[in-house]
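Novice: Encoded as structure tokens, here's the structure I'll be asking about.
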Amino acid sequence: MPMMILLITCTMVRRFFHRKDDRNSYRYVLANLVVTGMCSCSGISRALGIHVKNVQRYTKALREKGAGWFFNREDHRGQCHKFTPWSKEKAQELINMGYSQQATAQKFGLGEGTVRYHFRNGNFKKKLWGKGSLQYAQRTRPVRLPGFRVVGNGGHPG
């Protein structure tokens, strides 16, 4: 559903259209109104019920970075800068070798919660009892009980 900002000044009427969920266009329109001198930051703030600092921030961005910045910028929120695709791949290898979530996190200088989060979201899969894993090696070791003698090769195959 498109939204319309209708601005009536003394001699001219300007209309700006943008989708309701398109925040960057909305921010650009507000900054454009201030930069062209049609409105003041405080006037837009009072008319639309938004904080004046936000309007000032949008205006500063338009003046310093240009209109393209509003529409071509990448969203970096919610992305861990320490956990790149390469480090995720290496972490999966450690998990496959049998490292715990805590040990994996410590290897990369992350919090354990970060590794748990990626497990919950399905970015990591726990490998169970595959050859080459720590669990497999522990499972195939001979069991040595006190008072019993190990005969032969201790239960190791070949």
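The values are calculated or read from the model by the stated rules, or taken from the named source; none is laboratory data. What you see is a predicted model, and the numbers here were worked out from it, not measured in a lab. Glycine gets a Cβ as well: all are built from the backbone with ideal geometry, and neighbour counts include every protein chain shown.
Novice: What are the residues in the range 112-143 that are at pLDDT 80 or above and either surrounded by 16 or more Cβ atoms within 10 Å (Cβ to Cβ) or assigned to a helix (DSSP H, G or I) (or both), if any?
Specialist: Residues of the range 112-143 at pLDDT 80 or above: 112-125.
Within the range 112-143, Glu112, Gly113, Thr114, Val115, Arg116, Tyr117, His118, Phe119, Arg120, Phe124 meet the criteria.
Novice: Sort out which residues of the range 63-103 are in a loop (DSSP other than H, G, I, E, B), touching a residue at least 24 places away in the same chain (Cβ under 8 Å) and more than 22 Å from the chain's Cα centre (by Cα), and write them in order of number.
Specialist: Passing the criteria: Ala67, Met97, Gly98, Tyr99.
To keep it simple, each residue is scored yes or no on (1) within 20 Å of Lys126 (Cβ to Cβ); (2) assigned to a helix (DSSP H, G or I); (3) among the basic types (Lys, Arg).
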site: Met38; (1), (2), (3): no, no, no
site: Ala61; (1), (2), (3): no, yes, no
site: Ala105; (1), (2), (3): yes, yes, no
site: Leu110; (1), (2), (3): yes, no, no
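Novice: Take Val13 and decide whether it is hydrophobic (A, V, I, L, M, F, W, C) and at pLDDT 90 or above.
Specialist: Details: hydrophobic (A, V, I, L, M, F, W, C): yes; at pLDDT 90 or above: no.
It is false that Val13 is hydrophobic (A, V, I, L, M, F, W, C) and at pLDDT 90 or above.
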